[in-house]
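Remarks on the structure that follows.
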Amino acid sequence: MSEARYRSLRELPGVHALAAGTAMCAGCGGLEALHEVLDVLGTRTVVINAAGCMTLLASYPFTPFHGSWLYTSMASAPAGAQGVRDALDLLRSRGRIGADDDLTAVVLSGDGSAYGMGLSATSAAIERGLDFIYLCYDNEGYGNTGQQTSAATPHGARTPTSPGPAGHAGEKKDLFDVWVAHRPRYAATVIGAEPLDLARKVQRAASLAGPRLILALAPCPTGWDYDPMHGVDIGRLAVRTGIWPLKEYVDGAVVHTHVPHPRLPVEAYLSTQGRFRHLFEPLRNDALIGEIQQRVDRYWQNVG
Amino acid sequence: MYRIRFHGRGGQGIRTAASVLGSALFASGREVQDAPRYGAERRGAPMSAHVRAGRSVIVERGAIAQPDLVVVADPTLLAGGVLQGLSAQSVLFLNGSEPADELRTRLACPGRVVTWPGAARELEETTGVAIGALCAGGAARLLGVISRTTLEQALLAEIAGHGSGAAEAGRALGLAGFDALADSAGMVGEGVDDPGAGDAPPDWVRLALDDASLAAPDVFREATSELVQTGLWRTSRPVIDAALCSRCSWVCTTLCPDSAIHAKAGEVPQIDYEHCKGCLVCVLACPPHAIRALPERQPATAGNPR
Ligand SMILES: Cc1ncc(C[n+]2csc(CCOP(=O)(O)OP(=O)(O)O)c2C)c(N)n1
Ligand code: SF4
Ligand code: SF4
Ligand code: SF4
Ligand SMILES: [Mg+2]
């Protein structure tokens, strides 16, 4: 590939494309990822936002965006992106706007939408080859309504709807693999705490056309129950414990952009968050911690 | 009926404070209403919580406009209209240690004012969610109708969900707050009775539909969120020590979730205190530890960064 590539953090854009003054919680990891993504994409975007925490970004008359923003129901942001793309294409084909005035359609959705209600619309949009970028900020629950369990909630995490002594009994859906099974133009996992890796992936996505999907793990102080100041550490631990693999799918192959070595034990990550507190007190639940460790070990055994 | 209004920020445990006080009043034989009130904003933003306690079913609804007791979680909140509705009979209780008479004069507060007495002044150093338990304990003593044991049980029950460590810390702080205000016990009196008690239910009120251009208006200006001073959310203030800063501004400007740090290449970055929410992510992320966290104690004024 011959496109430009950030070589170091130093080269990242110094000018922010997302303004301050939003209603997101102090220390929101989703907001961190979003501004890092938009800093690379620039301001010539239309953000199509599925209902979730981030729809509070633009609450009339205030907006942090320099470009346009459109609010959709939880299930239909990719359909909204189709409408925006079609409208822009029509304007271009009729000569009403030139290439310089074109905009990038960017879907912004939480995991509740991306892994659940919005998955069918996403699947159809990839199938149609829609030219758009999809950003999911994955805070592993229905954050806006109080962090109820979603299809992205990890096994063992306690949520208001999985309150028992073992937390959530289900499994986190592998959305990246679901996306990749559609053979999109590009897909990647990122995290705001690794900004260079994130920026390179967004830069690559921006250089391509067609369906490009980005999945950002989004540490959430409110839903995960930790002091906001630890957000970046927790993000880095998600990567260093191997819980959040950083990878990309391009030209038909999945490549890990970072292989943690040595891999830290998962409890280094789990013990930082109140949603996993029941694994450590009043009694340590070695069986469940071991089970979570095994899942991660198995994942990395299968990485080439 | 007692009307108690708490003022704090999301993350200071104020919703829990109202639940603790409400539970304790309920256990003391009162009918109770307890409701937190948030805007669209998330954790960190100023919020309030409203507790009513009466001797019969409470009909009055909504935010408390004429409180008998206002509880304020820290001095920075005094800038934000917390005095609203206070009368000569009401009491303002601040989690702070400025002498009460000085504060009363400075604020031109019509009601009586309570702060921590000198011997308990270290209580105001409490941070985070624990502030709620402390304020609940102080408020319980000021009402004078809640026993120490009842308060203790309410603290343990309402904080239990946050883990055993938090519940234990909350219990200790709540009781410390209760004990510290012994000299002001029972200072708050009950306000007027519930004016709605015994009323027939009201007729339906029909609201006319708004035109779509009003109900779903377009915004044509860019980046208007900069008009919102999220700096008011802050309880801790990050301060960059220029002598220690190694001018690697791509680190802090990128990792600040709120785009609240700006830098020109090679210069010490500037923190935008109008908008910095005080999450302190930058404090831990700065490689040479050049950013310190100071308590945000001063009320916002022209001279102080907010
Ligand atoms: C069809 C539908 N069901 C429920 C809701 C209520 N609702 C609004 S936001 C939200 C949570 C969305 O979760 P997620 O997509 O993960 O975003 P987050 O809130 O975590 O940012 C829910 C359930 C809705 N808007 N639409
Ligand atoms: S609940 Fe979590 S994702 Fe939502 S705004 Fe707060 S920190 Fe961000
Ligand atoms: S990260 Fe720390 S040392 Fe680097 S520019 Fe920011 S304040 Fe200065
Ligand atoms: S504390 Fe630091 S990281 Fe947090 S909003 Fe303020 S400047 Fe940004
Ligand atoms: Mg979510």
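The values are calculated or read from the model by the stated rules, or taken from the named source; none is laboratory data. Keep in mind that this is a model prediction, so the values were computed, not measured. Virtual Cβ from ideal backbone geometry, glycine too; neighbours counted across all protein chains shown.
Brief remarks on what is shown
- Scan of the stretch A:34-54 for residues that are over 13 Å from residue A:136 (Cα atoms), at pLDDT 95 or above and of a type in the set (Val, Ile, Thr), ordered by number: A:40, A:45, A:46
- Of the residues making up the stretch A:145-160, those that are within 14 Å of chain B (Cβ to nearest Cβ) and either surrounded by fewer than 18 Cβ atoms within 10 Å (Cβ to Cβ) or more than 13 Å from ligand 2 (Cβ to nearest atom) (or both) are A:145, A:146, A:158, A:160.
Residue-wise test of (1) surrounded by fewer than 23 Cβ atoms within 10 Å (Cβ to Cβ); (2) of a type in the set (S, T, N, Q).
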position	(1), (2)
A:49	no, yes
A:57	no, no
A:82	yes, yes
A:91	yes, no
A:108	no, no
A:113	no, yes
A:120	yes, yes
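- Applying the set (1) within 16 Å of ligand 2 (Cβ to nearest atom); (2) surrounded by fewer than 19 Cβ atoms within 10 Å (Cβ to Cβ) to residue B:244 leaves exactly one unmet item: (1).
- Hits in the stretch B:106-164 (condition: among the charged types (D, E, K, R) and surrounded by 16 or more Cβ atoms within 10 Å (Cβ to Cβ)): B:112, B:124, B:141, B:152, B:158
- Applying the set (1) more than 12 Å from ligand 1 (Cβ to nearest atom); (2) touching a residue at least 12 places away in the same chain (Cβ under 8 Å); (3) of a type in the set (Asp, Glu) to residue A:100 leaves exactly one unmet item: (2).
- Residue in the stretch A:97-120 that is farthest from ligand 4 (Cβ to nearest atom), counting only those that are of a type in the set (S, T, N, Q) and part of a strand (DSSP E or B): A:104
- Flag if residue B:28 is buried (at least 16 other Cβ atoms within 10 Å of the Cβ) and either touching a strand residue (DSSP E or B) at 6+ places or on another chain (Cβ under 8 Å) or under 18 Å from residue B:143 (Cα atoms) (or both): yes
- Tallying residues that are within 22 Å of residue A:228 (Cα to Cα), more than 9 Å from every other protein chain (Cβ to nearest Cβ) and part of a helix (DSSP H, G or I) within the stretch A:39-69 yields 2.
- Scan of the stretch A:14-34 for residues that are under 20 Å from the mean Cα position of the chain (by Cα), surrounded by fewer than 24 Cβ atoms within 10 Å (Cβ to Cβ) and within 16 Å of ligand 3 (Cβ to nearest atom), ordered by number: A:16
- Cβ pairs under 8 Å, 6+ apart, first in the stretch B:253-279 and more than 7 Å from chain A (Cβ to nearest Cβ), second within 16 Å of ligand 5 (Cβ to nearest atom): B:256/A:32
- Filter result (within 32 Å of the chain's Cα centre (by Cα), at pLDDT below 95 and facing chain A (nearest Cβ under 10 Å)) within the stretch B:231-250: B:231, B:233, B:234, B:235, B:236
- Out of A:255, A:239, sole residue that is more than 28 Å from residue B:11 (Cα to Cα) and in contact with a strand residue (DSSP E or B) (Cβ under 9 Å, 6 or more places away or on another chain): A:255
- Against the criterion of being closer than 23 Å to residue A:185 by Cβ and within 16 Å of ligand 5 (Cβ to nearest atom), residue A:105 does not qualify.
- Test: residue in the stretch B:46-63 that is more than 20 Å from residue B:90 (Cα to Cα), out of contact with any His (no Cβ under 9 Å at 6 or more places or on another chain) and among the charged types (D, E, K, R): no
- In the set (1) more than 9 Å from chain A (Cβ to nearest Cβ); (2) touching a Phe, Trp or Tyr at 6+ places or on another chain (Cβ under 8 Å), the condition left unmet by residue B:227 is number (1).
- Residues satisfying the stated conditions in the stretch A:127-161, i.e. of a type in the set (A, V, I, L, M) and within 17 Å of the chain's Cα centre (by Cα): A:133, A:135, A:151, A:152
- Exactly one residue among A:175, A:264 is away from every other protein chain (no Cβ under 14 Å), within 16 Å of ligand 1 (Cβ to nearest atom) and at pLDDT 95 or above, and that residue is A:175.
- Look at (1) hydrophobic (A, V, I, L, M, F, W, C); (2) at pLDDT 95 or above; (3) closer than 21 Å to residue B:187 by Cβ and you find that residue B:78 fails only one, number (2).
- Identification of strands (runs of 3 or more DSSP E) wholly contained in the stretch B:25-120 with 3 or more residues that are of a type in the set (A, V, I, L, M) yields B:46-54, B:69-72, B:91-94.
- Matching option when the condition is within 16 Å of ligand 2 (Cβ to nearest atom), touching a Phe, Trp or Tyr at 6+ places or on another chain (Cβ under 7 Å) and within 14 Å of chain B (Cβ to nearest Cβ), among A:199, A:193, A:238, A:216: A:216
- For the stretch A:87-130, the set of residues classified as more than 16 Å from ligand 2 (Cβ to nearest atom) and within 14 Å of chain B (Cβ to nearest Cβ) consists of A:103 only.
- Remark: pairs (first residue in the stretch A:115-129, touching a residue at least 12 places away in the same chain (Cβ under 8 Å); second residue among the charged types (D, E, K, R); Cβ separation under 6 Å; 6+ apart in sequence or on different chains) = A:115/A:173.
- So residue A:235, is it under 18 Å from the mean Cα position of the chain (by Cα), within 30 Å of residue A:210 (Cα to Cα) and buried (at least 21 other Cβ atoms within 10 Å of the Cβ): yes
- Among residues that are in a loop (DSSP other than H, G, I, E, B), more than 14 Å from every other protein chain (Cβ to nearest Cβ) and in contact with a helix residue (DSSP H, G or I) (Cβ under 7 Å, 6 or more places away or on another chain), residue B:21 is not included.
- Within the stretch B:280-306, the set of residues being assigned to a loop (DSSP other than H, G, I, E, B) and either at pLDDT 95 or above or within 10 Å of another protein chain (Cβ to nearest Cβ) (or both) comprises B:280, B:286, B:287, B:288, B:289, B:290.
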